[in-house]
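**Q** The structure follows.
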Amino acid sequence: MARMRLAERLDRLPPYPFEELKAKLKSKGKELIDFTIGDPDLPTPPFIIEEMIRCAKLPSNHRYPLSLGEKELRGAIADWYKIRFGVDLAPDKEIIILIGSKEGFCNLIRACLDPGSKVLVPDPGYPAYMGSVLLADCEPVRIPLLEASDFMPDLPSKSNAQMLILNYPNNPTGSVADLNFLKEVVDWARDNKLIICYDNAYSELTYDGYKAPSLFEVEESKSIGVEFNTCSKTFNMTGDRIGWAVGNEELIDGLRKVKEQIDSGVPTYIQRAAIKALRSYQSCPSKTPDFLKRNINEYKKRGDLLVEGLNSLGIACTKPKGTFYVWLKCPTSSTEWVNKLLELSIAVTPGPVFGEKGKGWVRFSLTQPRERIKEALERISTLL
Ligand SMILES: Cc1ncc(COP(=O)(O)O)c(C=O)c1O
């Protein structure tokens, strides 16, 4: 039988790295310390699960949800933005609920760019950005994030691109951006007429007193930008699939129009749980609820343990300022180092899956308990 012909755009699409990695790791069948995917091992706080169960028991919560998302959740997001960033958002126009932020990148690009449009994509960067650009038949233009510039982009004086994607606290490098940087980006994007797609998925996972800003703390940024966030990393809810996009009302409306044709929103009981999660900030003068403080503390200890352990073995790397990733320049090539570690039953993500500038790097995700990190360090010490 003749092979089915698929669209050419699929030939341009690289395989999604984590699906491939997971399949490979499973087939090895060994006892493995898995530092690959950024999927928190820490539990979802019980008060969120309890709300989810309570709401799942109500028949009315099993009907089709609204594409824009529950009004009360959009209200909770607006309140959270006010508490957390001092930013005002209009729940009916400037907020949309997503089936995780990953879905939103793809649908935003479809909503606001025509085929052939150029999109500036961070390199290294979260792989779904590249996929989203290619699936919309747009042209990715890589912007290097280099160690020498603290993994901040060096924006060209002029650009003919239509969109800039940025993500701080940054996956995979762990670097962070301050408000001055965001101001420069907004000025630059306005001068060059670009839409900013700002991914703030790790805004709540930062260390040593640093608090991540929102793009919308910059004056007038709403005229050109959309910001994404998610319950995935803050509340350990990766599997519940709930995130949101906020910002420019025309872009949000475009995103709604695309989503209306494709999906019917996030299950209502998950949205109710997200309301409960976000409301936990309300009675919290420090702007960090206790469960989150404990999680941040745990990631900090894991990062310190791994980085100090590797440094003491003569492997240079630095502690992340945000996210739960350690970005490490390999003593040899990425492939050689990944394979050496795999022989010790330690899995890390090869840097090149994040882009060309990831060559020579690997990423450790701090989603393993400290005991397992110690064990990994012991195994690594036998290499040297
Ligand atoms: C930078 C970044 N943005 C977005 C996401 C996806 O988040 P969600 O689970 O909301 O789709 C991830 C997941 O790893 C990520 O690293």
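**Q** What do you reckon, is residue 322 farther than 23 Å from residue 178 by Cβ, in the same structural domain as residue 34 (by TED's automatic domain parsing) and surrounded by 21 or more Cβ atoms within 10 Å (Cβ to Cβ)?
**A** When the stated conditions are applied, residue 322 does not pass them.
**Q** Failed condition for residue 133, given (1) within 12 Å of the ligand (Cβ to nearest atom); (2) in a helix (DSSP H, G or I), with all others met?
**A** (1)
**Q** Identify, please: which residue in the stretch 92-106 is of a type outside the set (Lys, Arg) and open to solvent by 10 Å² or more (accessible area, probe 1.4 Å) and is, among those, nearest to the ligand (Cβ to nearest atom)?
**A** 101
**Q** Follow-up. Out of the residues in the stretch 188-224 meeting the condition of being part of a loop (DSSP other than H, G, I, E, B) and charged (D, E, K, R), tell me which one is farthest from residue 301 (Cα to Cα).
**A** 193
**Q** Among the candidates 174, 225, which residue alone is buried (at least 24 other Cβ atoms within 10 Å of the Cβ) and either outside the structural domain of residue 109 (by TED's automatic domain parsing) or farther than 29 Å from residue 45 by Cβ (or both)?
**A** Within the list 174, 225, the selection yields 225.
**Q** What residue, among those in the stretch 177-201 that are more than 16 Å from the ligand (Cβ to nearest atom) and touching a residue at least 40 places away in the same chain (Cβ under 8 Å), is least open to solvent (accessible area, probe 1.4 Å)?
**A** If we take residues in the stretch 177-201 being more than 16 Å from the ligand (Cβ to nearest atom) and touching a residue at least 40 places away in the same chain (Cβ under 8 Å), then 194 is least open to solvent (accessible area, probe 1.4 Å).
**Q** Could you list, ordered by first residue, the pairs with Cβ atoms under 8 Å in which the first is in the stretch 84-95 and touching a residue at least 12 places away in the same chain (Cβ under 8 Å) and more than 20 Å from residue 212 (Cα to Cα) and the second is surrounded by fewer than 18 Cβ atoms within 10 Å (Cβ to Cβ) and not hydroxyl-bearing (Ser, Thr, Tyr), at least 6 apart or interchain?
**A** Close Cβ pairs satisfying both conditions: 90/249; 91/71; 91/75; 92/71; 93/249; 93/253; 94/249.
**Q** Looking at 229, 236 in this structure, which one is within 10 Å of the ligand (Cβ to nearest atom), within 30 Å of residue 52 (Cα to Cα) and touching a helix residue (DSSP H, G or I) at 6+ places or on another chain (Cβ under 8 Å)?
**A** Just a single option satisfies the conditions, and that option is 229.
**Q** Find the residue count for the stretch 248-272, including only residues that are touching a residue at least 24 places away in the same chain (Cβ under 8 Å), more than 16 Å from the ligand (Cβ to nearest atom) and outside any loop (DSSP other than H, G, I, E, B).
**A** Looking only at that region, the number is 12.
The values are calculated or read from the model by the stated rules, or taken from the named source; none is laboratory data. These figures come from a predicted structure and were not determined experimentally. Here the Cβ is made from the backbone with ideal geometry for all residues, glycine too, and neighbour counts use every protein chain on show. Keep in mind that these areas ignore ligands, DNA and RNA; they rest on the heavy atoms of the full protein, side chains included. Shrake-Rupley method; radii C 1.70, N 1.55, O 1.52, S 1.80 Å.
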